[in-house]
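All remarks here apply to the structure that follows.
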Amino acid sequence: MSVVADTTTTAAVPSLLVEHRPWWRSRVTLSGAIVGVMLVCYFAAKAQYPWPASLTWNTLPTHLNDFQTWLVDSRNAENPSVVIRAFNGFADFLDSLVNWFSSLLGWMTWVGVTVAGVLVSLRFGGVRAAAWALAAFATFALSGLWVESMQTLALMLAAVGLSLLVGIPLGVLAGLSDRFARAVTPVLDAMQIIPAFAYLMPIVILFSVGPGAAVITTMIYAIPPAIRITALGIRGVPANTVEAALAMGSTPVQSLTKVRLPLARRMLLLSVNQTILFALSMVVIAGLIGGKGLGDVVTSGLNSYPALALLAGLVIVVMAMALDRVTEAVAERTNPARRHLTDDLRRRLRRASVATALVVAAVIAGARIAGVGADYSRRTARDWLLARIQSVLDYVQNPDTFLFQVTSWIGDHIVQYGLVPFRNFLVETPWPVTLVGITLIALVVSGRRPAVTTFLMLGVIGVIGEWASAMDTASQVLVATVLTVAIGFGLGVLAAESRTFSKILRPVNDVLQTLPQLVYLIPLIYLMPVSVVPGVIAGVLYAFPVVARLVENGVRNVEANTVEAAAAFGATRRQILRKVKIPLAQDAIMLGVNQGIIMVLAVVVIGGLVGSPGLGYEVAQGLARSDFGLGVLASVAILALGIALDRVTRGVRRAQLGEEP
Amino acid sequence: MSNRRARPVRLVLAALALVVVGALGVSASAFGRDAAKSCGSVTMDENAWAGATANVYVLKYVLEENLGCTVNIEKLPESTPLFQAMADGKVDVVPEDWNNILLKVNQKYVKSGTIMNLGSNGVIGHIGWFIPTYLMKQYPQFKTWRGLKGKEGIFKSPESGSQGMFLGGDPSYVQKDAQLIKELGLDFKFVSVGAEPAQVARWTQAYKQKKPIIFYWYTPQYLNTAYQLSEIKLPARSKTCVDSYNPKLGSNWGIYKCAYGLTIIDKLMTSKFAKSGSPAVGVIKRWKWSANDQNYVANLIAGKHMDPEKAAEQWVDANPAKVKAWLGK
């Protein structure tokens with residue numbers, strides 16, 4: 001997601017044009033006044049006007065549950081319909097695809113897999129890529145989770161391959177046709193915002209459990225970035241180049257295959273890279289419905305052996321980072337714009353490819369003859385690693401430490417002075433006041449269209465009977481967003497100003513974005529033993545890296561001559577930062593806020609698993625209690641909330657520049 | 001130029017990697033166990049809690065060692081996903097079901113004849129309100145719920161405001177505590193912290209600090225051997241008593257004003273597997289053990305982090321008579 005964002009910011013024109021209004025008409029004052037009126041109403045009529053039952057579509061949950069029953073019935077009928085059989089066939093196909101990859105990896109033996117991975121990375125990505133690959137395989141082996149890692153890898157091969165097969169052609173289409181792009185965007189938004197927990201149930205009923213169902217769940221989340229980045233790449237090709245090609249008499253097809261696609265090459269490879277990372281973040285969810293592998297170790301370990309769950313989580317992180325670095329290196333090294341292939345070099349590269357293939361084949365043959373197994377069954381560092389992780393957990397669990405004094409104090413204060421009053425305010429203010437108030441704030445800060453969207457979305461939330469839960473969730477999301485933006489902004493600016501800090505921050509960001517949230521929730525619960533806070537902090541930890549990256553990029557990309565000009569006028573470093581760099585990076589910063597909110601919302605369900613009340617809790621409960629209606633309605637409310645917040649934050653900058661969309 | 005120089009380096013590195021990996025590989029040993037004789041394979045579901053792991057691994061050990069079965073393990077979420085997997089033949093046996101089979105959606109699978117309820121697995125579950133024993137010693141009046149009246153304030157927490165905090169159970173479990181609190185007129189705020197690991201984290205931490213805490217809990221549970229807990233007596237049960245809050249039953253919450261009943265925990269099997277003629281069917285039908293047995297194995301696995309296979313072996317070796325009865329000898 002962050003990558004999509006980067007490219008759009010550079011396209012936008014940074015501007016210092018901020019119109020000046022008298023203070024009493026400024027956005028902040030007006031919003032403050034609206035909040036003031038809402039506060040008066042809140043204290044006057046606390047909790048007296050919840051969303052009325054007469055405005056709620058009461059029978060909706062029943063209809064949804066009937067739908068589930070119907071699904072179960074038709075799925076398990078004596079003679080299922082063609083559609084059901086088609087779903088079954090597709091699931092079977094995916095099952096066997098994953099199993100085929102799995103047995104291929106097993107057949108290659110662990111030595112063969114390692115050699116193949118390292119040498120192929122070496123040939124196409126260079127020495128550093130090969131080192132990353134070797135480190136990853138060593139981690140799989142030493143953690144004693146080789147088999148699980150291979151299962152996850154097989155799942156990824158199938159899911160990423162199919163996602164790209166679907167995503168790249170659709171992305172090309174979206175890049176060529178504005179109408180298609182506009183039609184597909186809301187669908188992609190929905191695919192990314194609706195929590196996977198919500199569609200697990202229908203997927204299981206339609207596709208049963210197993211690797212096939214896991215692949216489908218992963219694809220739903222991993223296809224959107226493939227489409228979005230590919231489309232961006234196609235759009236980024238300079239129009240005059242394409243025109244020139246057409247003028248020279250090339251057909252539209254030729255202009256696509258010979259001009260657009262090659263020129264969008266870097267973005268296409270980036271979409272592969274992002275699709276892999278998005279797919280990997282679904283590993284734990286996939287483990288829930290029979291996806292096996294590392295995700296399974298995480299979920300089942302949480303109850304009986306948290307240290308093991310943490311170890312598996314760390315292995316997932318290493319896998320993600322290795323795949324990220326290797327694909328990135330391949331994209332850079334094979335970039336035709338960067339290297340000039342002479343005939344001699346080309347021949348040498350071809351020879352290197354043949355040599356790689358031969359060595360891999362020889363090693364696999366040798367390993368099979370020597371009787372090497374599919375699993376690495378030699379000495380591992382597993383027990384040692386588990387003991388270390390356990391000692392960290394023990395430390396965290398100990399309520400007598402200084403660390404605990406600090407963290408529990410922070411947690412208690414966030415609850416007492418942040419979450420609880422804010423939640424009460426949103427939930428207990430009379431509903432018409434909240435509805436009108438929030439819509440007016442959207443109008444003031446963002447403009448007419450976002451305000452209309454906000455009004456409609458809040459209406460939907462009310463009608464489906466999710467008003468109170470959604471307000472509860474909104475309070476958590478807003479508190480988490482404030483923390484996310486504060487931390488992300490601070491770290492991003494620091495990283496933009498100091499290369500060293502940037503280098504330190506990158507791996508931290510990588511780990512936080514790829515470590516499954518379920519894994520660090522348990523230590524968080526120990527450190528901040530109040531409900532809601534661990535969920536909020538998990539959201540912050542997941543979202544601030546993206547904000548930091550966007551801010552860092554935005555501040556760093558401010559044109560050098562502007563900065564030099566300011567310096568020439570005698571501005572100090574701090575002045576340059578405050579008066580030049582940050583204002584010029586505002587687009588990137590607002591985009592960071594926008595992405596931060598969406599990502600916090602994505603983690604809301606995970607918060608629900610550790611007791612944050614509201615929509616996430618209902619989604620989780622819907623799955624656990626087989627209550628389909630509850631889960632679906634809560635997911636619709638999450639989507640509505642997401643759309644409203646997205647449109648409003650995106651509109652803010654436009655409104656500042658005085659463009660009414 | 002640079003390419004020419006880079007090549008030997010890369011070759012050397014590749015060779016090095018090869019040597020390292022090769023050396024490890026040659027010394028690696030691979031012994032596949034050849035199971036699968038007459039019995040064929042059985043797929044069992046392992047639920048997320050330690051007691052369920054104990055069931056599965058003891059059964060696995062017995063079936064593999066005595067009948068030569070191949071036992072596969074799936075780990076699926078309870079309820080509908082699991083039942084659909086059984087209907088599709090992906091899971092044959094569920095050794096422990098906490099009454100999910102009784103839910104209306106899931107009864108469909110029983111009625112259509114795909115899933116059979118084999119009855120109790122011997123373990124009887126019980127849900128209740130628990131406090132640490134040190135607290136019970138300090139306040140003996142907490143033996144029954146009446147003693148809590150007026151004393152709710154000692155259970156205060158940051159999120160409960162002026163009230164005391166009642167720590168609710170995993171939201172997916174059977175419960176009615178918010179309703180009970182209201183009906184009993186207690187000044188508690190019902191707070192759920194979500195899934196079981198989170199709830200355990202919360203109350204064990206309070207326990208370690210010797211702080212007052214009152215929470216939803218159940219037996220059998222292996223943690224009950226590591227922590228001293230005492231139960232608070234709730235109003236006696238009546239015939240019309242309901243244990244699981246259901247909004248469809250209306251707003252008269254009087255029906256919840258009673259202690260939780262005993263939960264008979266059932267084992268389930270698919271009809272297809274029951275008819276397969278596998279010798280494992282008889283063993284699973286006869287299989288039954290007590291809460292103490294289960295806790296013993298669960299504590300080895302989750303409390304002492306022993307390998308589940310080893311824990312099962314240890315219990316089986318210590319209880320030959322029980323295993324013999326399951327085998328029908």
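The values are calculated or read from the model by the stated rules, or taken from the named source; none is laboratory data. Predicted model, so just to flag it, every value in this text is computed and none were measured. Glycine gets a Cβ as well: all are built from the backbone with ideal geometry, and neighbour counts include every protein chain shown.
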- Output the residues belonging to segment B:178-188 that are buried (at least 19 other Cβ atoms within 10 Å of the Cβ) and either within 14 Å of chain A (Cβ to nearest Cβ) or not in a helix (DSSP H, G or I) (or both). B:186, B:188
- Note on the structure: Restricted to segment A:405-443 and to residues being among the β-branched types (Val, Ile, Thr) and farther than 23 Å from residue A:480 by Cβ, the residue nearest to the other protein chains (Cβ to nearest Cβ) is A:433
- Task: List every residue pair whose Cβ atoms sit under 7 Å apart, with the two residues 6 or more apart in sequence or on different chains, where the first one lies in segment A:149-160 and is on the phi > 0 side of the Ramachandran plot and surrounded by 24 or more Cβ atoms within 10 Å (Cβ to Cβ) and the second, anywhere, is of a type in the set (A, V, I, L, M, F, W, C) and in a helix (DSSP H, G or I).
- Result: none
- Which condition number does residue B:174 fail, the rest of (1) within 14 Å of chain A (Cβ to nearest Cβ); (2) more than 24 Å from the chain's Cα centre (by Cα) being met? (2)
- Message: Consider segment B:48-78. How many of its residues are more than 11 Å from chain A (Cβ to nearest Cβ), among the aromatic types (Phe, Trp, Tyr) and within 14 Å of residue B:96 (Cα to Cα)?
- Response: 1
- Item | Wholly enclosed helices (runs of 4 or more DSSP H) of segment A:232-316 bearing at least 3 residues over 29 Å from residue B:45 (Cβ atoms) and aliphatic (A, V, I, L, M) | A:239-247, A:265-280
- Message: If residue A:292 meets every condition in (1) surrounded by 24 or more Cβ atoms within 10 Å (Cβ to Cβ); (2) on the phi > 0 side of the Ramachandran plot; (3) of a type outside the set (Val, Ile, Thr) apart from one, which number is that one?
- Response: (1)
- Odd one out for residue B:79, checked against (1) under 25 Å from residue A:62 (Cα atoms); (2) over 18 Å from the mean Cα position of the chain (by Cα): (2)
- Item | Breaking point among (1) part of a helix (DSSP H, G or I); (2) exposed (fewer than 14 other Cβ atoms within 10 Å of the Cβ), for residue A:58 | (1)
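For (1) farther than 30 Å from residue A:393 by Cα; (2) without any contact (Cβ under 8 Å) to a residue 60 or more places away in the chain; (3) among the hydrophobic types (A, V, I, L, M, F, W, C), each residue gets a yes or a no:
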position	(1), (2), (3)
A:426	yes, yes, yes
A:432	yes, no, no
A:508	no, yes, yes
A:516	no, no, no
- Just for segment B:165-177: of the residues that are more than 17 Å from residue B:145 (Cα to Cα) and touching a helix residue (DSSP H, G or I) at 6+ places or on another chain (Cβ under 9 Å), which one is surrounded by the most Cβ atoms within 10 Å (Cβ to Cβ)? B:170
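Mind checking which residues of segment B:267-278 are surrounded by fewer than 20 Cβ atoms within 10 Å (Cβ to Cβ) and closer than 19 Å to residue B:55 by Cβ?
The answer is B:274, and nothing else.
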- With the condition kept exactly as written, say whether any residue in segment B:94-111 is away from chain A (no Cβ under 11 Å), crowded, with 24+ Cβ neighbours inside 10 Å, more than 22 Å from residue B:321 (Cβ to Cβ) and of a type in the set (Val, Ile, Thr). yes
- Out of the residues in segment B:189-214 that are assigned to a strand (DSSP E or B) and more than 24 Å from residue A:520 (Cα to Cα), state the one that is modelled with the highest pLDDT. B:214
- Message: If I ask for residues that are free of Cβ contacts under 8 Å to residues at least 24 places away in the same chain and in a helix (DSSP H, G or I), which ones from segment A:393-418 would you list?
- Response: A:394, A:395, A:402, A:405, A:406, A:409, A:413, A:416, A:417
- Message: So the check is Cβ under 8 Å with 6+ separation or different chains; which pairs have a first residue in segment A:81-110 that's farther than 16 Å from residue B:88 by Cβ and touching a residue at least 40 places away in the same chain (Cβ under 8 Å) and a second one that's among the aliphatic types (A, V, I, L, M) and assigned to a loop (DSSP other than H, G, I, E, B)?
- Response: A:105/A:374; A:106/A:374; A:107/A:374; A:109/A:372; A:109/A:374; A:110/A:372; A:110/A:374; A:110/B:28
- Out of all the residues in segment A:450-474, which are modelled with pLDDT under 95 and either touching a Gly at 6+ places or on another chain (Cβ under 7 Å) or of a type in the set (Phe, Trp, Tyr) (or both)? A:450, A:467, A:469, A:472, A:473
- Note on the structure: Conditions (1) surrounded by 14 or more Cβ atoms within 10 Å (Cβ to Cβ); (2) out of contact with any Lys or Arg (no Cβ under 8 Å at 6 or more places or on another chain) -> residue B:293 fails only (2)
- Residue list for segment B:55-79, filter: charged (D, E, K, R) and part of a strand (DSSP E or B): B:74
- Note on the structure: Counting only residues that are assigned to a strand (DSSP E or B) and surrounded by 13 or more Cβ atoms within 10 Å (Cβ to Cβ), segment B:121-146 contains a total of 12
- Taking residue A:88 as the residue in question, decide whether it is in a helix (DSSP H, G or I) and facing chain B (nearest Cβ under 9 Å). yes
- Just checking, which of A:300, A:250, A:255 is free of Cβ contacts under 8 Å to residues at least 24 places away in the same chain and within 30 Å of residue A:516 (Cα to Cα)? A:300
- Item | Pairs, first away from chain B (no Cβ under 12 Å) in segment A:278-296, second buried (at least 24 other Cβ atoms within 10 Å of the Cβ) and not in a helix (DSSP H, G or I), C-beta under 6 Å, six or more apart | A:284/A:516
- Could you list, in sequence order, all residues of segment A:465-518 that are closer than 30 Å to residue A:48 by Cβ and β-branched (Val, Ile, Thr)? A:473, A:477, A:479, A:481, A:482
- Task: Restrict the check to segment B:267-288 and report whether at least one residue is more than 14 Å from chain A (Cβ to nearest Cβ), more than 18 Å from the chain's Cα centre (by Cα), free of Cβ contacts under 8 Å to residues at least 40 places away in the same chain and in a helix (DSSP H, G or I).
- Result: yes
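Residue-wise test of (1) charged (D, E, K, R); (2) away from every other protein chain (no Cβ under 14 Å); (3) assigned to a helix (DSSP H, G or I); (4) out of contact with any Pro (no Cβ under 6 Å at 6 or more places or on another chain).
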{"residue": "A:149", "(1), (2), (3), (4)": "no, yes, yes, yes"}
{"residue": "A:158", "(1), (2), (3), (4)": "no, yes, yes, yes"}
{"residue": "A:163", "(1), (2), (3), (4)": "no, yes, yes, yes"}
{"residue": "A:167", "(1), (2), (3), (4)": "no, yes, yes, yes"}
{"residue": "A:172", "(1), (2), (3), (4)": "no, yes, yes, yes"}
{"residue": "A:182", "(1), (2), (3), (4)": "yes, yes, yes, yes"}
{"residue": "A:198", "(1), (2), (3), (4)": "no, no, yes, yes"}
{"residue": "A:203", "(1), (2), (3), (4)": "no, no, yes, yes"}
